[in-house]
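Report on the structure given below.
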Amino acid sequence: MFKFTKILLINFIVFVGVILFLEIILGNKIYSNKLNCGYLLCSADHSYKNSLYQGNDYIRYKKDKYGFRGLRKKVNQIDILTVGGSTTDERYLETKDTWSEQLELLININYPNLNFEVANAGIDGQSTYGHIWNFKNWFPKIQNFKTKYIFFYIGLNEYFSDQKHVYDQGTKYLNFFQKIKLWFKENNGIIFRTYDIVYRNFFLKDTLNVGHKIRTANYRLAKKNFQITDENIIDLNNRLDKLIMLTKKLNAIPIFVTQKSLRSKLIDNKIYSIDEFDYMSKEKIISEIIINNCEKNQIFCVDLFNKIKFSNDSLYDLVHASPEGAKTIAKTIFADFDKILNKN
């Protein structure tokens with residue numbers, strides 16, 4: 001019995017050793033030129049049951065091997081790269097319904113000779129911290145990558161805290177096992193890929209769960225004000241300056257687009273919100289910082305916060321756009337971007 005147990009233990013140690021060796025050799029950690037596909041969701045092809053808005057019963061979410069949505073041309077033929085968080089990624093919209101694709105459609109309808117290509121580089125949860133990460137850990141690793149413009153759809157995800165690391169995945173308060181899980185995910189080696197295949201084929205039926213939920217606008221008087229310090233403003237401006245510099249290093253033109261949600265509304269000159277926090281003031285202040293930065297750096301920007309008019313059906317959870325809302329976003333951006341296209 002002891003001999004059998006010893007043989008079993010030796011075989012188990014050898015098996016674990018082989019797996020860990022393959023994990024390291026086949027993963028990202030020791031190859032600096034490999035994309036972090038566990039984070040970028042390269043080659044994603046997921047199906048979601050649509051319970052968010054009227055339309056298709058199922059939503060298909062697809063990304064290419066580079067982590068982009070909607071790219072049909074080569075990576076050196078991109079005209080506009082759209083960068084942002086979940087409001088750009090738009091995971092629960094078909095690719096054709098995203099504002100990035102709707103913007104491409106509007107440009108090519110109005111300027112058919114341009115044959116514009118818009119690629120969507122939105123990453124769920126990203127803020128300007130994550131957008132800076134993209135320039136160091138994503139775009140440079142794509143051979144021959146080139147774009148004429150980079151549109152940054154920014155504002156709603158901005159935060160002023162040290163609780164998250166550079167690309168907006170919180171690690172400061174993760175326990176040991178959560179950090180181990182994150183390491184394997186980022187490595188995207190044999191263990192995570194096997195887990196991913198098994199999970200999707202055996203533990204899910206025909207769809208993935210939708211993380212977003214329809215949110216009812218039960219507004220109440222906002223009592224919690226948004227606090228921002230001079231240091232916070234300087235910090236955000238520094239990140240915006242860095243994004244402009246990094247974009248120009250790629251020989252591309254940066255364009256900032258501010259954001260707006262329906263989490264707050266003005267009633268009788270008072271701000272009402274969904275949970276007593278004054279979202280309207282926060283969005284307004286951050287939008288003003290972004291627009292002021294545009295003026296300082298003399299770059300073209302779209303003040304969507306002040307220009308857009310969302311209907312009640314535009315945002316299924318008061319933040320993320322429905323297909324109709326995405327069209328409204330695209331039309332608002334195009335109305336301003338058309339000035340640049342007219343000059344050219």
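The values are calculated or read from the model by the stated rules, or taken from the named source; none is laboratory data. If you're wondering where the values come from, they're calculated on a predicted model, not measured in any experiment. Here the Cβ positions follow ideal geometry from the backbone for every residue, glycine too, while neighbour counts run over all protein chains shown. Heads up: the accessible areas ignore ligands, DNA and RNA and are worked out on the full protein's heavy atoms, side chains in. Shrake-Rupley method; radii C 1.70, N 1.55, O 1.52, S 1.80 Å.
In the chain, the DSSP beta bridges split such that about 40 percent are antiparallel, to the nearest 5. Label positions at LYS307 and ASN113, each projected 7 Å from the Cα along the C-beta direction, are separated by 2.4 nm.
Using only Cα coordinates, the Kirkwood hydrodynamic radius of the chain works out to 22.0 Å.
May I ask for log10 I(q)/I(0) of region 111-155 at q = 0.15, 0.27, 0.32 Å⁻¹, from a Debye sum over the Cα atoms as equal point scatterers with solvent left out? Calculated log10 I(q)/I(0) at the listed q: -0.48, -1.16, -1.37. Fraction of C-alpha pairs exceeding 19 angstrom in region 237-344: 53 percent, rounded to a whole number.
Of the DSSP H helices in the chain, those with a Cα length along their own long axis of 24 Å or more and a mean Kyte-Doolittle hydropathy reaching 0.5 comprise 2-26. Modelled label positions at ILE234 and LYS248, each set 7 Å beyond Cα in the direction of Cβ, lie 2.2 nm from each other. Summary of packing: across the peptides 149-160, 187-198, the per-residue average of other C-beta atoms within 10 Å ranks them, highest first, as 149-160, 187-198. The sum of -39500 (n - 2.57) across all DSSP H runs of n ≥ 4, divided by the residue count of the chain, sets its helix-only mean residue ellipticity at 222 nm to -13000 deg cm²/dmol.
By the Cβ rule of 4.7 Å, the chain holds no cysteine without a possible disulfide partner. Kirkwood radius and radius of gyration were both taken over the C-alpha atoms of region 1-107, and their ratio Rg/Rh is 1.24. Note on region 1-92: Lys pairs 8 or more places apart or on different chains, Cα atoms under 23 Å apart, count 15.
Taking 0.36 nm per residue of separation and subtracting the Cα-Cα distance, full extension of the segment from LEU105 to ILE10 would add 28.1 nm. Surface exposure of the chain, expressed per residue as accessible area with a 1.4 Å probe, stands at 55 Å².
Each peptide in 125-131, 211-217, 281-287 was scored by the mean count of other Cβ atoms within 10 Å over its residues; highest first, the order is 125-131, 281-287, 211-217. Of all the accessible heavy-atom surface of region 81-155, with the other protein chains kept in place and a 1.4 Å probe, what percent is carbon and sulfur? Exposed carbon and sulfur together represent 46 percent of the surface. Per residue, the Cα convex hull of region 185-295 amounts to 208 Å³. Cα centroids of region 47-94 and region 269-344: 20 Å apart.
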